[in-house]
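**Student:** Here's a structure for you.
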Amino acid sequence: MTLSTTLNQTLKLMLGSAIALVGAIGLPLDAPAQAQTATSLAPKAIPVGSASRIAQISEERVGRVNPARPIRIEIINGGRATIAAALTQPASAERQIAPNSQTAFGTTTTSFLPLPINLLVYPLGTNIGLSVDVLVEGNVIQVIVSEQLSDDSGTINLSVDENGTVLLI
């Protein structure tokens, strides 16, 4: 057996194992990597415009907004450290939020924030982790942030997809 024949057999075995693994976990072969994150979550029925529960894990659907109506995202700094928030989609300037202050992106009276939306919230200091509570009421998403001691700085990522699903990552 030649080196190229052995290499071909090894590659075929590795490819077959990868295809079997993808089939076993149910990921479509032609789906983009970005879509796999959203489709790998267990679906949960969340009525449009209803109050949602508070997120307590690192990746969870936390609510749903009506994608046909304007959306408002309120960030409330309930901690003692200054934090920053910015939309990466649609792009916005960074906003610094002092302790016991708040800021908002969008409004529920005019169409301002096109979907999808991606919000980042992060501390301005070092060794500050963040904890978050997210409430969805109608088309208002309220993000309540506080700090916690940590060896690593924390970042919160909140996304709203084209269907109005609010995901905390």
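The values are calculated or read from the model by the stated rules, or taken from the named source; none is laboratory data. Here the structure is a predicted model, which is why all the values come from computation and not from measurement. Ideal geometry is used to build each Cβ from the backbone, glycine not excepted, and the neighbour counts take in all protein chains shown. Just the protein is used for accessible areas: all its heavy atoms, side chains included, with ligands, DNA and RNA removed. Shrake-Rupley method; radii C 1.70, N 1.55, O 1.52, S 1.80 Å.
**Student:** Inspect all residues belonging to the range 123-130 and state whether any of them is within 15 Å of T155 (Cα to Cα), assigned to a loop (DSSP other than H, G, I, E, B), touching a residue at least 12 places away in the same chain (Cβ under 8 Å) and open to solvent by less than 50 Å² (accessible area, probe 1.4 Å).
**Tutor:** Checked the range 123-130: at least one residue is within 15 Å of T155 (Cα to Cα), assigned to a loop (DSSP other than H, G, I, E, B), touching a residue at least 12 places away in the same chain (Cβ under 8 Å) and open to solvent by less than 50 Å² (accessible area, probe 1.4 Å).
**Student:** Would you check which residues across the range 132-155 are part of a strand (DSSP E or B), within 13 Å of L168 (Cα to Cα) and open to solvent by 40 Å² or more (accessible area, probe 1.4 Å) and list them?
**Tutor:** Within the range 132-155, D133, L135, Q142, I144 qualify.
**Student:** Return yes or no: is P116 more than 14 Å from I156 (Cα to Cα), at pLDDT 95 or above and within 17 Å of the chain's Cα centre (by Cα)?
**Tutor:** Taking the combined requirement at face value, the residue satisfies it.
**Student:** Here's a follow-up. Can you tell me which of (1) closer than 16 Å to E60 by Cα; (2) free of Cβ contacts under 8 Å to residues at least 60 places away in the same chain is the one V134 doesn't meet?
**Tutor:** Just one mismatch for V134, condition (2).
**Student:** On to the next question. Inside the range 98-119, can you point out the residues that are open to solvent by less than 70 Å² (accessible area, probe 1.4 Å) and β-branched (V, I, T)?
**Tutor:** Listed by number, the residues that qualify are T103, T107, T108, I117.
**Student:** Among the residues in the range 92-103, are any aliphatic (A, V, I, L, M), touching a residue at least 60 places away in the same chain (Cβ under 8 Å) and not in a loop (DSSP other than H, G, I, E, B)?
**Tutor:** No, that holds for no residue.
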